[in-house]
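Presented below is the structure to which this report refers.
Every number here is computed from the coordinates shown, using simple stated rules; none is lab data. Since the structure is predicted, the reported quantities are computational estimates derived from the model, not experimental observations. Because the Cβ atoms are built from the backbone with ideal geometry, glycine has one as well, and the counts that use them run over all protein chains shown.
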């Protein structure tokens, strides 16, 4: 079984790996497009504050800014570990 | 009224200058009065590709700083009528390029020309941002390779936010995809991103596809834009690209593997 998987992986073309990797990274890039320049800093500092109270991983925090008609909504999503 | 087109990519070495030279030559060959501006201050190369490096007296920065008039700095192409080159400065610091200065030069050129091509430097710093800032259209040069595609996507983000049209809420810059160094054999063997992959990821209109070709290096060696080499695959592909830029409907060529004939198989006929 392991051998079969190994052979399968060997046969997988490098171009399809490239495409898959690109789709992920480009989707990530686009989600950050048009957001204010302070967002990465805000995200980092929020993470620091949360870490004073509970230990979370780097990817435990998701932050997004959505603009609606006349207001912007800052959405903060933190996944806390099971205590 | 002149159209301002930026040739950009983010990543270096993908063929921006080659494409800017080839496309501006193609436009001039069709009777469009065209000027191509090198925005790569510090590392000028367009003059070499256009074969006018020994005729550079004044450059873009000289004009911006008032040391020379625009007409003194413009170099008339020796091969094609209607084609002019505005070279970049080689020695000055990058801050010599100012937005006001560039705006002023473009305003003046707009009166005289049909097309103004801005050859952007690599990267996303000042020079690259100034090259794209005043553009009406953008040609995003992309190789079938992960870092080039990713950087092209970054550039698309900048075109949509950090340009005059974006800032003033005008119609957005018209974006065109130009895929260069495409190798149909490697695509067929599964080791190169396909044209469809790139189009799907970047989701912009395809302007042209330039195959990997020996003619491109030969052209740059000689300082003759590859569009002049009409017997070559790359020369023809650039010519098709120019037609599409002018609104003509051209079928895509050179994206599929060529079956080698018996003769070329026997004698190993290379790519022209």
request  = Could you let me know the centre-to-centre spacing of region B:48-117 and region B:155-186, using Cα atoms, in angstrom?
outcome  = 23 Å
ask   = Arranged from highest to lowest average of other beta-carbon atoms within 10 Å per residue, in what order do the peptides B:48-58, A:20-30, B:172-182 appear?
value = B:172-182, B:48-58, A:20-30
query = How high is the FRET efficiency between residue A:55 and residue A:20 when r is their beta carbon distance and R₀ equals 41 Å, given to the nearest 0.05?
reply = 0.80
query = Could you give the angle, 0 to 90 degrees to the nearest 10, between helix B:99-112's Cα long axis and the longest principal axis of the Cα atoms of chain B?
reply = 70 degrees
message = At a 10 angstrom cut-off on C-beta neighbours, averaged per residue, how do the peptides B:114-127, B:22-35 rank from highest to lowest?
response = B:22-35, B:114-127
request  = Quick one: grab the alpha carbon gyration tensor of region B:42-147, order the square roots of its eigenvalues as a ≥ b ≥ c, and give me rounded if a/c is under 1.5, else prolate or oblate depending on whether a/b is larger than b/c.
outcome  = rounded
query = Any idea what Rg and Dmax come out to for chain B if you just take the C-alpha atoms, in Å?
reply = 18.3, 62
remark   = For chain B, the longest principal axis of the Cα atoms and the Cα long axis of helix B:233-245 enclose an angle in degrees, to the nearest 10, of 50 degrees
request  = Report, as an integer, the average count of C-beta atoms from other chains found within 10 Å of each Cβ along B:188-201.
outcome  = 3
inquiry  = Quick one: the Cα spread of the protein assembly as shown along its three principal axes, in angstroms, biggest first?
reply    = 76, 61, 37
key: Ordering of A:41-54, A:69-82 by packing [mean C-beta count within 10 Å, highest first]   = A:41-54, A:69-82
ask   = Of B:16, B:11, how do they rank once you tally other Cβ atoms within 10 Å and put the fewest first?
value = B:11, B:16
remark   = Quick shape check on chain A: root eigenvalues a ≥ b ≥ c of the Cα gyration tensor, a/c under 1.5 is rounded, otherwise prolate if a/b tops b/c, else oblate, and it reads oblate
request  = May I ask you to derive the FRET efficiency for residue A:45 and residue B:100 from their Cβ-Cβ distance with R0 = 30 Å, giving the value to the nearest 0.05?
outcome  = 0.25
remark   = Here FRET efficiency (C-beta to C-beta, residue A:78 to residue B:161, R₀ 25 Å, nearest 0.05) is 0.30
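Which value in deg cm²/dmol, rounded to the nearest 500, describes the helix-derived mean residue ellipticity at 222 nm for the protein assembly as shown, given -39,500 (n - 2.57) per DSSP H run of n ≥ 4 and division by the residue count?
Mean residue ellipticity at 222 nm (helix-derived): -12000 deg cm²/dmol.
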key: Tilt relative to chain A, helix A:39-51 - C-alpha long axis, 0 to 90 degrees, to 10   = 80 degrees
ask   = When Cβ neighbours within 10 Å are restricted to other protein chains, what is their mean count per residue of peptide A:32-40?
value = 1
task = Within 10 Å of each Cβ in peptide A:14-26, how many partner chain Cβ atoms are there on average? Round it to a whole number, please.
result = 6
